[in-house]
Amino acid sequence: MEKVKTTCVYCGTGCQIYLKVQDGKIVDTKPVRDGFNPGLGKLCIKGWNVHEFIHHPDRLTEPMIRKNGTLVEVSWDEAIKYIAENFKKIMEENPGNKRVLGCLSSAKCTNEENYVMQKFARTVFKTNTVDHCARLCHSSTVAGLAAAFGSGAMTNSIDEIADADVIFITGSNTNEQHPLIGKRILTALSKGAKLIVADPRTIPLSELATDYDGIEMNQRPGTDVALMNGMMNVIINENLYDKEFIDNHCENFEEFKEEVMKMTPEKAAEITGVKKEKIIDAARLIGNGKAVSLIYSMGITQHTTGVDNVKSTANLQMLCGNMGKWGTGVNPLRGQQNVQGACDLGALSNVFSGYQKVIEADKREKMAKEWGIDVNEMDDKVGLTVTEIINEACDDNLKGLYIMGENPMMSDPDINHVRKGLKKVFLVVQDIFPTPTTELADVVLPAASFAETDGTFTSTERRIQLIRQVIPPVGNSKHDWEIIGLIAKAMGYDGLLYSHPKEILSEINRVTPIYCGITWERLNATDTGFQWPCPDENHPGTIFLHKDGKFSRGKGHFHAIPFKEPVELPDADYPMILSTGRMLWHYHTGTMSRRSATLNARVPEGYVEISPDDAVKMSIVDGQKVKVKSRRGEITIKAKVTDRVKKGLIFIPFHFEEAPANILTINAVDPVAKIPEYKVCAARIEKL
Ligand SMILES: Nc1nc2c(c(=O)[nH]1)N[C@H]1C(S)=C(S)[C@@H](COP(=O)(O)OP(=O)(O)OC[C@H]3O[C@@H](n4cnc5c(=O)[nH]c(N)nc54)[C@H](O)[C@@H]3O)O[C@H]1N2
Ligand SMILES: Nc1nc2c(c(=O)[nH]1)N[C@H]1C(S)=C(S)[C@@H](COP(=O)(O)OP(=O)(O)OC[C@H]3O[C@@H](n4cnc5c(=O)[nH]c(N)nc54)[C@H](O)[C@@H]3O)O[C@H]1N2
Ligand code: SF4
Ligand SMILES: [Mo]
């Protein structure tokens with residue numbers, strides 16, 4: 001059997017896999033064991049079964065246009081012509097208006113495809129309204145860490161976690177969501193490391209923390225600033241902080257200290273619901289640690305205070321000098337297999353590739369020159385973000401939207417609001433499967449999957465690795481980069497016609513300083529890939545950032561962060577806190593994992609986690625169907641009675657179309673990062 005090496009398409013760990021081919025079909029997946037592999041020769045259950053969705057009969061294989069209300073198969077020529085005419089018409093009817101059209105790019109697609117999509121938005125639609133799911137995920141990280149350190153990425157590498165002597169994990173269910181990174185935590189524990197887990201729920205790691213003499217804290221959702229300020233209060237009071245590191249490498253310490261001194265451990269305990277003694281013990285463990293690694297994910301970012309939460313993680317690690325050294329750092333685990341890359345390549349409304357700001361004239365001039373366009377026609381303001389795109393569509397301001405590889409009808413907050421907006425616009429959706437979003441589209445375009453595409457993905461540790469075309473695009477589908485080029489040409493711009501992704505990568509190398517040295521030739525000559533920044537072709541890449549306290553922005557900046565409550569707290573009508581997130585067996589909106597027979601057989605339907613206390617109080621038994629209501633809507637779903645959640649808290653994974661969590665969630669966002677508060681809203685449970 002032929003086997004082709006490529007990169008797993010689910011989470012951001014970047015595991016290397018072989019896809020096995022028989023009679024033109026991909027029939028099996030095996031981990032790479034004979035070469036470099038961030039997964040250490042192992043895979044998680046999603047990785048083992050990643051081939052299962054590729055040939056699923058639901059794959060989109062022909063372009064479709066909505067005619068008299070139904071989607072009808074058409075030729076590529078007809079679809080492309082129809083799209084170009086409609087988008088051009090919107091531009092002609094709204095001359096000079098740079099907020100009538102927008103694009104959603106995709107963390108499921110390659111670096112090259114994301115580069116092409118943002119270039120399309122900026123050259124053809126002439127707008128900076130291009131964004132993607134990072135907005136819903138780690139936009140708080142990008143904003144918060146850039147403000148603190150000058151660079152918004154995971155500071156250290158996956159391997160280093162195994163060598164930390166204290167690991168502080170907060171808001172990351174690492175063993176379920178990044179299982180092969182979770183493996184490094186186990187290795188560290190077996191070498192004597194201490195684990196602190198702060199999560200409102202009890203997760204697999206919580207048990208490890210208690211088993212290995214660490215600390216588990218179940219804070220009230222949305223109280224992380226109070227918790228971390230409380231810990232830092234202890235660290236300062238007990239003189240456990242790194243004065244030398246702060247004096248030499250940081251700024252604004254006094255203002256920060258003044259704020260932190262207000263949050264005594266007593267006060268923090270009162271706000272968070274965590275016992276004072278635990279806060280003090282956790283602070284001492286971190287303060288006395290030699291190499292402390294801080295790991296976080298959505299539990300920190302998905303709040304209206306997401307940026308504040310992220311800045312607090314930075315404060316904590318700078319305070320103890322746990323930066324710029326092996327085994328330390330602030331380590332946001334990036335979720336999608338290429339969300340780091342989609343951000344790096346400029347699929348964001350405020351930056352070109354390499355985080356070059358769109359509001360800076362010299363950056364616009366540089367891009368205009370490379371792209372062969374008139375700089376004066378470029379959008380010089382920050383564009384709309386994911387949630388703003390929906391709001392503007394609802395208000396009839398945005399009139400056309402081109403979505404590649406995103407499913408906002410399942411993944412955005414407050415789906416009823418999303419539906420209202422998407423129904424109003426001329427909508428083009430390019431996906432590999434039908435989704436609730438394609439159901440609203442005027443045109444549906446069939447894309448090739450990761451197994452049918454050459455290109456690169458960038459993993460959570462800033463590592464750029466190749467993906468390889470194993471089979472030709474299924475049916476009549478085409479590569480995402482190719483489709484975008486065809487639409488651009490039909491709209492009068494030839495600068496997006498490429499013959500192969502390697503041509504796109506060499507353009508990326510030319511205009512993106514952090515990716516300059518990561519060429520197609522070099523990637524083919526190594527099996528480890530390269531970690532950015534990699535400024536030239538002789539550079540080996542960068543294992544950890546901010547080495548020796550030399551922060552990307554110069555000095556590390558301490559921020560004074562007062563605690564703020566989430567936007568919607570429980571009350572008499574909606575007495576419970578609803579939190580949403582994920583589980584091991586499914587992936588996001590389920591388009592892929594629910595079409596994987598193995599994964600779907602294991603967990604075939606959605607559920608709401610409810611505590612035994614609340615279940616008894618309401619006489620709800622495990623497995624019973626209940627109604628969950630919020631101010632936005634209601635769903636019917638199976639109750640799962642479990643002590644993973646505490647009294648007053650319920651949790652719903654957002655993978656299931658029949659019981660979509662996002663009918664309930666609130667469309668309230670962080671003022672800076674514009675990330676929605678997926679982790680806290682008020683809800684109630686009713687018996688059917
Ligand atoms: N199996 C699987 N793996 C995945 C994904 C998937 O869908 N399925 N998705 C990928 C993607 S894109 C992402 S972004 C990552 C996300 O990975 P994670 O962030 O690990 O996943 P979540 O379930 O969203 O949330 C993590 C934890 O945050 C906790 N939490 C909730 N509220 C709070 C709070 O107020 N404070 C704190 N500190 N914690 C809180 C939750 O209880 C939960 O345990 O996973 C990636 N990996
Ligand atoms: N309630 C709640 N909602 C959340 C979250 C939460 O924790 N709670 N988490 C948020 C987070 S962190 C994230 S990252 C988002 C994810 O939000 P989305 O990105 O909208 O979710 P996905 O299911 O990953 O959607 C990816 C789409 O791309 C398609 N696709 C896969 N491969 C390809 C390809 O090669 N080409 C093309 N064109 N399409 C492809 C898939 O079929 C799917 O429809 O969800 C967010 N929504
Ligand atoms: S840990 Fe992530 S990258 Fe590795 S096999 Fe599992 S889903 Fe794929
Ligand atoms: Mo994500």
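The values are calculated or read from the model by the stated rules, or taken from the named source; none is laboratory data. The shown structure was predicted, so the numbers you read here are calculated from the model rather than taken from an experiment. We place every Cβ from the backbone using ideal geometry, glycine too, and count neighbours over all the protein chains shown. With ligands, DNA and RNA removed, areas are computed over all heavy atoms of the protein, side chains included. Shrake-Rupley method; radii C 1.70, N 1.55, O 1.52, S 1.80 Å.
Looking only at the stretch 540-558, filter to residues that are assigned to a helix (DSSP H, G or I) and among the charged types (D, E, K, R); which one of those is nearest to the chain's Cα centre (by Cα)?
Looking only at the stretch 540-558, we keep the residues that are assigned to a helix (DSSP H, G or I), and these are 547-549.
With among the charged types (D, E, K, R) added as a condition, the list becomes 547-548.
Details: Lys547: 26, Asp548: 29 Å.
Looking at residues that are assigned to a helix (DSSP H, G or I) and among the charged types (D, E, K, R), I get Lys547.
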- prompt: Residues in the stretch 83-98: is at least one modelled with pLDDT of 95 or more and surrounded by 24 or more Cβ atoms within 10 Å (Cβ to Cβ)?
  reply: yes
- request: Need at least 1 residues that are surrounded by fewer than 17 Cβ atoms within 10 Å (Cβ to Cβ) and more than 24 Å from the chain's Cα centre (by Cα) per element, so show me which helices (runs of 4 or more DSSP H) inside the stretch 343-441 make the cut, counting only ones lying wholly within it.
  value: 361-371, 415-424
- prompt: Quick one: would you say Lys555 is under 30 Å from Asn248 (Cβ atoms), at pLDDT 95 or above and surrounded by 15 or more Cβ atoms within 10 Å (Cβ to Cβ)?
  reply: yes
task: Grab the strands (runs of 3 or more DSSP E) fully contained in the stretch 559-651, keeping just those with 1 or more residues being open to solvent by 50 Å² or more (accessible area, probe 1.4 Å), out of contact with any Lys or Arg (no Cβ under 6 Å at 6 or more places or on another chain) and closer than 23 Å to Thr665 by Cβ.
output: 625-629, 634-641
- prompt: So which of Lys46, Lys3, Lys25 is within 28 Å of the chain's Cα centre (by Cα) and among the charged types (D, E, K, R)?
  reply: Lys46
message: Of everything in the stretch 444-458, what is open to solvent by 10 Å² or more (accessible area, probe 1.4 Å) and more than 19 Å from the chain's Cα centre (by Cα)? Give them in sequence order.
response: Asp454
query: Which of the residues that make up the stretch 1-43 are within 16 Å of ligand 4 (Cβ to nearest atom) and either among the small types (Gly, Ala, Ser) or not in a strand (DSSP E or B) (or both)?
result: Cys8, Val9, Tyr10, Gly12, Thr13, Gly14
Cβ pairs under 7 Å, 6+ apart, first in the stretch 52-64 and within 17 Å of Lys30 (Cα to Cα), second assigned to a loop (DSSP other than H, G, I, E, B) and of a type in the set (Ser, Thr, Tyr): Glu52/Ser596; Phe53/Ser596; Ile54/Ser449
message: For the condition surrounded by fewer than 24 Cβ atoms within 10 Å (Cβ to Cβ), over 27 Å from Pro570 (Cβ atoms) and in contact with a Pro (Cβ under 9 Å, 6 or more places away or on another chain), what is the one hit in Asp163, Asp242, Asp159, Asp247?
response: Asp159
message: I'd like to know if the stretch 469-488 contains one or more residues that are surrounded by fewer than 22 Cβ atoms within 10 Å (Cβ to Cβ) and assigned to a strand (DSSP E or B).
response: yes
statement: Expected single match for aliphatic (A, V, I, L, M), more than 16 Å from ligand 4 (Cβ to nearest atom) and at pLDDT 95 or above among Ala347, Ala314 is Ala314
message: Are there helices (runs of 4 or more DSSP H) fully within the stretch 72-178 with at least 2 residues that are within 16 Å of ligand 2 (Cβ to nearest atom) and in contact with a Cys (Cβ under 8 Å, 6 or more places away or on another chain)? List them.
response: 111-123
query: Is it the case that the stretch 197-216 has a residue that's open to solvent by 20 Å² or more (accessible area, probe 1.4 Å), within 16 Å of ligand 3 (Cβ to nearest atom) and farther than 18 Å from Ser312 by Cα?
result: yes
- prompt: Taking into account only those residues within the stretch 44-66 that are part of a loop (DSSP other than H, G, I, E, B) and of a type in the set (Asp, Glu), which is surrounded by the most Cβ atoms within 10 Å (Cβ to Cβ)?
  reply: Glu62
task: Would you mind stating whether Asp395 is at pLDDT 95 or above, farther than 18 Å from Asn94 by Cβ and not aliphatic (A, V, I, L, M)?
output: no
query: Between a first residue in the stretch 296-307 that is farther than 10 Å from Glu677 by Cβ and a second residue that is acidic (Asp, Glu) and away from ligand 4 (no atom under 13 Å from the Cβ), which pairs have beta carbons less than 9 Å apart while being 6 or more apart in sequence or on different chains?
result: Tyr296/Asp224; Gly299/Asp199; Gly299/Asp224; Ile300/Asp224; Thr301/Asp670; Val307/Asp670
statement: Selection from the stretch 179-196 of residues in a helix (DSSP H, G or I) and open to solvent by less than 20 Å² (accessible area, probe 1.4 Å) yields Leu180, Ile181, Gly182, Arg184, Ile185, Ala188, Leu189
query: So which residues in the stretch 669-687 are farther than 20 Å from Leu145 by Cα, out of contact with any helix residue (DSSP H, G or I) (no Cβ under 7 Å at 6 or more places or on another chain) and within 13 Å of ligand 2 (Cβ to nearest atom), if there are any at all?
result: Tyr678, Val680, Cys681, Ala683
query: Between a first residue in the stretch 322-343 that is closer than 22 Å to Val116 by Cβ and a second residue that is open to solvent by 10 Å² or more (accessible area, probe 1.4 Å) and more than 15 Å from ligand 4 (Cβ to nearest atom), which pairs have beta carbons less than 7 Å apart while being 6 or more apart in sequence or on different chains?
result: Gln337/Cys8
- prompt: Is one or more of the residues making up the stretch 265-286 open to solvent by 10 Å² or more (accessible area, probe 1.4 Å), in a loop (DSSP other than H, G, I, E, B) and β-branched (Val, Ile, Thr)?
  reply: no
